[in-house]
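A.B. asks: Please find one structure pasted underneath; my questions will follow.
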Amino acid sequence: MDIRHLQYFLEVARCKSFTKAGEVLHITQPTISKMVKNIEEELGVELFDRSGRRVELTDAGEIIYAQANHIVRAFDNLSSELDDLMNLKRGHIRIGLPPMVGASFFPKVIGKFRELYPDVTIQLVEDGAKKVETDVANGTLDLGVVLLPTNEDIFHAISFVKKRLMLLVHPTNRLAAKSEAALAELAGQPFILFREDFALHDRIPAACIRVGFQPVVVCESSQWDFIYEMVAANLGIALLPEPVTREMDTSRVRILPLVEPEIPWHLAIIWRKDRYLSFAAREWIRFTHSLLAEEASPAPLDFAAGNRLT
């Protein structure tokens, strides 16, 4: 028995006629009679009294009619809700964003997405990139923005911005007059870092060690604007992403390109390879990719395969 059997049965009960029910459903009378007979044989009861000019429900038919109404109505509601989801009339997306990323890149995206899909709700969770990656991996978040590289065995990733870290120093710092600074020149300087759930917490010290020194960390924070204020108060130096530094008061801090080596700040949207991605989440990725990708013609996305086409 499938949903069509119940739909045909209900129509016969309403019309009190196999012929009229067939006309309403645009199927032949023998076909609808066969469908009803199949239900009767499967359940072992007669559903209709066929002795008169009009067919009437039996006692068993009355019971089946009441239940079939609930089942068909629930099926219709399910179909409607799935149609809403597939057509982006509704849905819910859980997105993880590092604080710097949310402020710098996503207000425009969220605003435009909401204009197109007002009934799709978006839950934004601000955390460091390491925590975001963990939460996407364990399913707490549908997708998130992280610092590349990421675990390619677990995640699909779409890169959307490639920048570098800049050096922030107080105007009285010995490096303030330079046009650029090599990483090795920062040896002995007090560092202000992001806290441990941020990817930069590990990557900046690792880069320093590679050029020959262990950075002296005097403070850690989760907020880039607090780090900026600490540098402005001459409490240390900091390395922050280039887009964040564009809004800073250069009379309070000096901002220098970091060279030899540069430390990249490459951002990507990630989601798990082995987990279902909702229609709303897929559209969010497509929409964000089209607005933020640096390439003039971003590669199309193949969500059947779950990754970019190349």
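A.B. asks: Would you point out the residue of the range 243-257, among those that are over 30 Å from the mean Cα position of the chain (by Cα) and assigned to a loop (DSSP other than H, G, I, E, B), that is surrounded by the most Cβ atoms within 10 Å (Cβ to Cβ)?
C.D. replies: To start, the set of residues in the range 243-257 that are over 30 Å from the mean Cα position of the chain (by Cα) comprises 248-257.
Restricting the remaining residues to those that are assigned to a loop (DSSP other than H, G, I, E, B) gives 248-253.
Details: 248: 19, 249: 8, 250: 9, 251: 8, 252: 14, 253: 26.
Within the range 243-257, the match that is surrounded by the most Cβ atoms within 10 Å (Cβ to Cβ) is 253.
A.B. asks: OK, next. Looking at residue 183 and the list (1) of a type outside the set (D, E, K, R); (2) farther than 26 Å from residue 127 by Cβ; (3) buried (at least 21 other Cβ atoms within 10 Å of the Cβ); (4) in contact with a Ser or Thr (Cβ under 7 Å, 6 or more places away or on another chain), which single condition is not satisfied?
C.D. replies: Residue 183 satisfies all of (1) of a type outside the set (D, E, K, R); (2) farther than 26 Å from residue 127 by Cβ; (3) buried (at least 21 other Cβ atoms within 10 Å of the Cβ); (4) in contact with a Ser or Thr (Cβ under 7 Å, 6 or more places away or on another chain) except (4).
A.B. asks: Six or more apart or on different chains, Cβ atoms under 8 Å: show the pairs whose first residue is in the range 45-71 and touching a residue at least 24 places away in the same chain (Cβ under 8 Å) and in the same structural domain as residue 21 (by TED's automatic domain parsing) and whose second is part of a helix (DSSP H, G or I) and acidic (Asp, Glu).
C.D. replies: What qualifies is 47/40.
A.B. asks: Could you please tell me which pairs satisfy a Cβ distance under 8 Å, a separation of 6+ or placement on different chains, a first residue in the range 162-190 that is free of Cβ contacts under 8 Å to residues at least 12 places away in the same chain, and a second residue that is among the hydrophobic types (A, V, I, L, M, F, W, C)?
C.D. replies: Note: pairs meeting the criteria are 185/175.
A.B. asks: Would you confirm whether or not the range 75-91 contains a residue that is outside any helix (DSSP H, G or I), under 15 Å from the mean Cα position of the chain (by Cα) and of a type in the set (A, V, I, L, M)? I'd like the intermediate steps shown before the answer.
C.D. replies: First pass over the range 75-91, keeping only residues outside any helix (DSSP H, G or I): 87-91.
Those left that are additionally under 15 Å from the mean Cα position of the chain (by Cα): 88, 90-91.
Now restrict to residues that are of a type in the set (A, V, I, L, M): 88.
Yes.
A.B. asks: Could you please find all residues in the range 195-230 being assigned to a loop (DSSP other than H, G, I, E, B) and at pLDDT below 95? Working first, answer last.
C.D. replies: Kept after step one, since they are assigned to a loop (DSSP other than H, G, I, E, B), are these residues of the range 195-230: 195-198, 211-215, 222-223.
Residues satisfying the conditions are 195, 196, 197, 198, 222, 223.
A.B. asks: For the range 25-52, enumerate the residues that are surrounded by 14 or more Cβ atoms within 10 Å (Cβ to Cβ), farther than 19 Å from residue 63 by Cα and within 47 Å of the chain's Cα centre (by Cα).
C.D. replies: Listed by number, the residues that qualify are 25, 27, 32.
The values are calculated or read from the model by the stated rules, or taken from the named source; none is laboratory data. Source: prediction; values computed, not measured. We place every Cβ from the backbone using ideal geometry, glycine too, and count neighbours over all the protein chains shown.
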